[in-house]
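A.B. asks: Please see the structure below; I have some questions.
The values are calculated or read from the model by the stated rules, or taken from the named source; none is laboratory data. The structure presented is a predicted model; accordingly, all values stated were derived computationally and were not measured. Reconstructed Cβ throughout: ideal geometry from the backbone, glycine too, with neighbour counts over all protein chains shown. Surface accessibility is based on the protein's heavy atoms, side chains included, excluding ligands, DNA and RNA. Shrake-Rupley method; radii C 1.70, N 1.55, O 1.52, S 1.80 Å.
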Amino acid sequence: MSKTRVYKLAQKLGISSKELIEQMETLGINVNNHMSTLEDDEAKLVFELLGSADEKDNSINREEEENCMPKIMISEKISVQDLSKLINKTSAEVITKLIQIGVMATINQEIDFDVAELIALEFGYEVEKEVSNDDNEDSLLEVEVDDPNDLQPRPPIVTVMGHVDHGKTSLLDAIRQTNVTAKEAGGITQHIGASEVHINGKKIVFLDTPGHEAFTSMRARGAQVTDISIIVVAADDGIMPQTIEAINHSKAANVPIIVAINKIDKPNINVDRVKQELADQGLLVEDWGGDVISVPVSALKGQNIDTLLEMVLLVAEMEELKANPNRKAVGTVIEAQLDKGRGPVATVLVQNGTLKVGDSIVAGIGHGKVRAMINHLGKRIKEATPSTPVEILGLSDVPQSGDQFVVVENDKLARSIADKRKEKLREEQMKATQKVSLDELFKQM
Ligand code: GTP
Ligand code: MG
């Protein structure tokens, strides 16, 4: 019998995994975390009960509503001051929390939705993202819906996250060494912020952009690029603040977690202690009766890396990741910069469709015809299928990390969409400067 993951069901119901777990508890179904599995009939029952219960709740269960976490709406960005007001805290309290999670901000500074959400959650508020309606430039974009029959399996996109010095880079290096293709290329793997690994004839894509930043900036812009996150925990150090942050990011993004317990070559380490600390964070590992896959590894000695990769493929298989290669490409900008000789250069991840040289595209405020595409080995390619990271040349402007890119009918359309976005951006910047000067003015009064 097949099984359903909690977070998948939560996605279907349009609620967070946390909400779902709480609601299931009231139904007498207890699970460990968002990675836990439900038998199909159990999942169906929950779906039926909660799916319809939603509407009833609004009218009947006022009492229950009052016991829930209060909900606030936040848009893409919010100032520290505005957030404090929404959650009935002083700006100082909010700033202290921000410092605790490593974000330095002043009262008037705007913070991203993602960060604001974490803070609000800490203070017991549930957050919903406010979607602005003035994205009218995007009304020019037709949303192409795929026929399920056109979908084909695609490789998983994996992000490696974890606390400073726990071995993320070493792990990626070890992974690349296990990979024959990378070896053949003579270690020239750092052309773009992503790498591809082939294991048993199957491809896995790793995003090398530092995990947390990638997650934060992408999520803040509504982009989700990761399918699976590997959280690296050094066995000699255990769970640290950034490990917890990584766990929270993955949970919030509803992404399955695989824990790599690293540095097992070191003397006097205690893997069980790490497992205990993981359990304290709500991640119960498989050998302790939970659902979270953990693999003890040594990135330095290349120990158990193949097992880790097999686990990635296993989790990927359960995810049933699919895309339609026979359509115009869409995807996300991973990083971009202005290159002196080549102009704006963007590393993008093709998430659906096939991107081809010569395609007209819009990426954030940039537009143009794809002049050239370069893959992770530094080779020029003509086509990039779903789950392929590529560097593209030919854009008019530099887009931002997390921006969506879309292939459109022709250059004219691409230009008009990009122009509208630029105009909007200019307006926003103007508003921001006006706000700053007004704030300054008040300060002086
Ligand atoms: P930041 O990018 O700074 O967050 O660090 P990181 O997580 O990428 O860690 P990195 O791979 O740079 O490793 C940090 C240190 O730990 C280096 O000195 C590595 O040699 C060491 N290290 C990484 N993996 C292992 C391991 O499996 N065993 C041992 N003994 N040392 C390791
Ligand atoms: Mg590193």
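A.B. asks: So which of Lys85, Lys129 is modelled with pLDDT of 85 or more and basic (Lys, Arg)?
C.D. replies: Going through Lys85, Lys129 in turn, just one is modelled with pLDDT of 85 or more and basic (Lys, Arg): Lys85.
A.B. asks: Pick from the range 232-248 the residues that are more than 16 Å from ligand 2 (Cβ to nearest atom) and aliphatic (A, V, I, L, M): which of them is surrounded by the fewest Cβ atoms within 10 Å (Cβ to Cβ)?
C.D. replies: This residue is Ile244.
A.B. asks: Could you list all residues from the range 332-357 that are on the phi > 0 side of the Ramachandran plot and either open to solvent by less than 10 Å² (accessible area, probe 1.4 Å) or among the β-branched types (Val, Ile, Thr) (or both)?
C.D. replies: The one that is on the phi > 0 side of the Ramachandran plot and either open to solvent by less than 10 Å² (accessible area, probe 1.4 Å) or among the β-branched types (Val, Ile, Thr) (or both): Gly353.
A.B. asks: Quick check, is Ser294 over 27 Å from Glu19 (Cα atoms), hydroxyl-bearing (Ser, Thr, Tyr), surrounded by 19 or more Cβ atoms within 10 Å (Cβ to Cβ) and at pLDDT 95 or above?
C.D. replies: no
A.B. asks: Hey, any hits in the range 238-256 for a residue that's outside any strand (DSSP E or B) and of a type in the set (Ser, Thr, Tyr)?
C.D. replies: Yes: one or more hits.
A.B. asks: Restrict the check to the range 308-324 and report whether at least one residue is within 16 Å of ligand 1 (Cβ to nearest atom), in contact (Cβ under 8 Å) with a residue 60 or more places away in the chain and either in a helix (DSSP H, G or I) or out of contact with any Cys (no Cβ under 9 Å at 6 or more places or on another chain) (or both).
C.D. replies: So far as the range 308-324 goes, yes, one or more of its residues are within 16 Å of ligand 1 (Cβ to nearest atom), in contact (Cβ under 8 Å) with a residue 60 or more places away in the chain and either in a helix (DSSP H, G or I) or out of contact with any Cys (no Cβ under 9 Å at 6 or more places or on another chain) (or both).
A.B. asks: Continuing with this model, one more query. Going through Lys263, Lys251 one at a time, which residue ends up being at pLDDT 95 or above and surrounded by 20 or more Cβ atoms within 10 Å (Cβ to Cβ)?
C.D. replies: Unique residue meeting the criteria: Lys263.
A.B. asks: Then there is this: Sort out which residues of the range 150-177 are touching a residue at least 40 places away in the same chain (Cβ under 8 Å), within 16 Å of ligand 1 (Cβ to nearest atom) and open to solvent by 60 Å² or more (accessible area, probe 1.4 Å), and write them in order of number.
C.D. replies: Val164, Asp165, Asp173, Gln177
A.B. asks: Checking the structure you have, find out if any residue of the range 99-106 is at pLDDT 70 or above and buried (at least 16 other Cβ atoms within 10 Å of the Cβ).
C.D. replies: yes
A.B. asks: Can I ask one more? Could you check the range 382-431 and list, in sequence order, the residues that are of a type in the set (A, V, I, L, M) and either without any contact (Cβ under 8 Å) to a residue 40 or more places away in the chain or assigned to a loop (DSSP other than H, G, I, E, B) (or both)?
C.D. replies: If the condition is that a residue be of a type in the set (A, V, I, L, M) and either without any contact (Cβ under 8 Å) to a residue 40 or more places away in the chain or assigned to a loop (DSSP other than H, G, I, E, B) (or both), then Leu395, Val398, Met430 are the ones that fit.
A.B. asks: A further question on this structure: Select, from Ile175, Ile228, the only residue that is modelled with pLDDT of 85 or more, among the β-branched types (Val, Ile, Thr) and in contact with a Pro (Cβ under 6 Å, 6 or more places away or on another chain).
C.D. replies: Ile228
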